[in-house]
Amino acid sequence: MTRYFTKDHEWLDVTGDTATVGISDYAQGQLGDVVFVEVPAAGTVVSKGGQAAVVESVKAASDVYSPASGTVTEANAALEADPALVNTAPETDGWFFKLTLSDPSEIEGLMDAAAYAAFVATL
Amino acid sequence: MADIVEVAEPLPLDALHRSLGARMVPFAGYAMPIQFEGIIAEHLWTREHAGLFDVSHMGQLLLPLAADKPLETLLPGDITGLGVGVLRYSLLLDEKGGILDDLMVTRRADDLYLVVNGAVKAGDIAHLRAAGLAVDYREDWALLALQGPQAVAALQRLVPGVADLRFMRAAGFGWSGHALWISRSGYTGEDGFEISVPAAAVEALAQALLAQPEVKPIGLGARDSLRLEAGLPLYGHDLDPGTTPVMAGLSFAISKRRKLERGFPGADIVMAELLDGPATKRVGLAVEGKLPAREGAEVYAGDVRVGIVTSGGFSPSLGAPIAMAYVAAAHAGDGTALTIDVRGRRLAATVVPMPFKPKNYVRAATPTDGASA
């Protein structure tokens, strides 16, 4: 499994043609207290860079974009009862959805953890 | 997740906020702290203890005492009859009765002291000057708010005597050789104070307040969630020139004498609305579920669009979403079942009285042990 990040602060764990998507620890820190997460239902077709989920913090609603194209296979049901998982475990239990990648080559432009850390340091 | 880049000027407490770990955002043209440890924690701390807010972006204006009568041509409050040391909430109105800003006016011994919203202060000053009023804009003063049930204990320790102020009363005090103007007022629904202090002294005063065990720094995020729970409207969102005092549920700001004498902008329209009832009203909405309804969300009665949300979010004290909306009068009664469209979902909502959370104002002077008589 390899983890990639986007400049929009989503992460993507890739194993073969399946992947898990969430938002980074930096992103949750910027959002503040998360009170609701709207995740795409299984079967939803998402496209790279397209809006795929919505995170509601106390303050505002923010779009989450899919880091890659594909079909959603599972949404994280735990987020419905405990949206604060996005704050407490953004890069583990607070994942948003899993998908089957339609074009694994899309991954090539994404950052690895070191490149993302360097990117965040510039913000 | 997109970033917003705006020009934002630093306020006098900029360095202190940053040293306390604040996340700074542009607001009303200034860099302001949106949060320190987190909006929910800061919100709940203020409801139980005392929160320190930097509201130095707001405009502090001085007018000569003789401006009381001409000021009444711009707003519906009784200013000539205002006692020394008394605050009055009022509204600058346009010729149609539309709200240009909401503000506090205090008569002091030698002047009138006005506090106006930061985002529209330049327009307010131009509006006042166009009416022939001499406006002294005190950019050299900062403004702090100390809010919460323990605010009085914390501030009384530093500034003996403040506990004797009642709600909506103000007086001059001294601290460490600096003159302070302190009112018992605020924007959270809690007991508390607003403290006008020379910009050169504000950091030392803020540090002294933060050293009190009851006090933590609070950002704009919690300020917004606190005022929303208290049912207090926010200018630019719940109030604008398209709203009138009657629509906004702020008829209390039209003083009795002014109702009889009129002579304020849009008086005929506003008084007709007061008599006949407004076509739309600002209401509170309790939203079912966990998904917040935000500003701009449309409100429906069945399939008919009957209103729009002007402020909405998650209430940390209630653990549920709440909103303010302007709704057609026929659907504005308490208990009316409505729905709100949020990204195609229809959320069930009920019209409820505001405040969502009861206010804790101190209407009589608080007895204190020791320091003051």
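None of the figures in this text is laboratory data; all of them are computed from the coordinates on show. None of the values given here were measured: they were computed from a predicted structure. Glycine gets a Cβ as well: all are built from the backbone with ideal geometry, and neighbour counts include every protein chain shown.
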Q. Sorted from fewest to most neighbouring beta carbons within 10 Å, what does the list B:Phe252, B:Phe193, B:Phe356 look like?
A. B:Phe252, B:Phe356, B:Phe193
**Q.** Pairs of Cα atoms farther than 26 Å apart, chain B, %
**A.** 53
Q) Which value in nm describes the separation of the simple spin-label points at B:Lys259 and B:Asp240, placed 7 Å from the Cα toward the beta carbon? A) 3.0
Q: Using label points projected 7 Å from each Cα along Cα→Cβ, tell me how many nm separate B:Val86 and B:Thr350, to one decimal.
A: 3.9
Q: Please give, to one decimal in nm, the separation of the simple spin-label points placed at B:Tyr300 and B:Ala8, each 7 Å out from Cα toward the Cβ.
A: 3.7
Q: Quick one: which residues, 5+ away or cross-chain, put their amide H under 5 Å from the amide H of B:Met32? H built at 1.01 Å from N.
A: B:Val25, B:Phe27
Q. Residue farthest toward the positive end of the dipole of the stretch B:101-246, with Cβ of Lys/Arg at +1 and Asp/Glu at -1: which of B:Ala163, B:Gly221, B:Leu128?
A. B:Ala163
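Per residue of B:225-233, count partner chain C-beta atoms within 10 Å of its C-beta, then hand back the mean as an integer. Before the final figure, lay out each step's value.
Numbers: counts 3, 0, 0, 0, 0, 0, 0, 0, 0.
For this peptide, the per-residue mean of nearby foreign Cβ atoms is 0.
Within 10 Å of each Cβ of A:33-39, how many other protein chain Cβ atoms are there on average? Walk me through the intermediate numbers first.
Working: counts 11, 1, 12, 7, 2, 4, 0.
Mean partner-chain Cβ count within 10 Å for A:33-39: 5.
Hey, got the dipole for the stretch B:103-161? About the Cα centre, +1 on K and R Cβ, -1 on D and E Cβ, debye to the nearest 20?
For the stretch B:103-161, the charge dipole is close to 180 debye.
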Q. Taking R0 as 51 Å, what's the FRET efficiency between B:Arg343 and B:Ala200 from their Cβ-Cβ distance, rounded to 0.05?
A. 0.55
Q. Placing +1 at every Lys and Arg Cβ and -1 at every Asp and Glu Cβ, with all other atoms neutral, what dipole size does the stretch B:122-261 have around its Cα centre, in debye to the nearest 20?
A. 480
Q | Listed residue (A:Ser62, A:Ala78, B:Gly313) projecting farthest to the positive dipole end of the protein assembly as shown, Cβ model | A | B:Gly313
Q: Going by C-beta contacts inside 10 Å, put B:Thr80, A:Thr92, B:Thr336, B:Thr280 in order with the fewest on the left.
A: A:Thr92, B:Thr80, B:Thr336, B:Thr280
Q: Would you please classify the overall shape of chain A from the alpha carbon gyration tensor, given that a ≥ b ≥ c denote the square roots of the eigenvalues, rounded means a/c under 1.5, and beyond that prolate means a/b larger than b/c while oblate covers the rest?
A: oblate
Q) Sorted from fewest to most neighbouring beta carbons within 10 Å, what does the list B:His49, B:His43 look like? A) B:His49, B:His43
Q: Let me have the 222 nm mean residue ellipticity of the protein assembly as shown computed from DSSP H runs of 4+ only, each contributing -39500 (n - 2.57), with the sum over all residues rounded to the nearest 500.
A: -5500 deg cm²/dmol
Q | Neighbouring partner chain Cβ atoms per residue of B:288-295, average, 10 Å criterion | A | 4
Q) Structure shown: which of B:Lys96/B:Lys256; B:Lys96/B:Lys281; A:Lys48/B:Lys290; A:Lys48/A:Lys98; B:Lys281/B:Lys359 lie over 25 Å apart, alpha-carbon to alpha-carbon? A) A:Lys48/B:Lys290
Q: May I ask for the net charge around B:Gly231, where only other residues with Cβ less than 15 Å from the Cβ of B:Gly231 are counted and Lys, Arg are +1 while Asp, Glu are -1?
A: +1
Q) Among B:Leu347, B:Pro198, B:Gly177, whose Cα sits farthest toward the positive end of the charge dipole of chain B (+1 at Cβ of Lys/Arg, -1 at Cβ of Asp/Glu, about the Cα centre)? A) B:Leu347
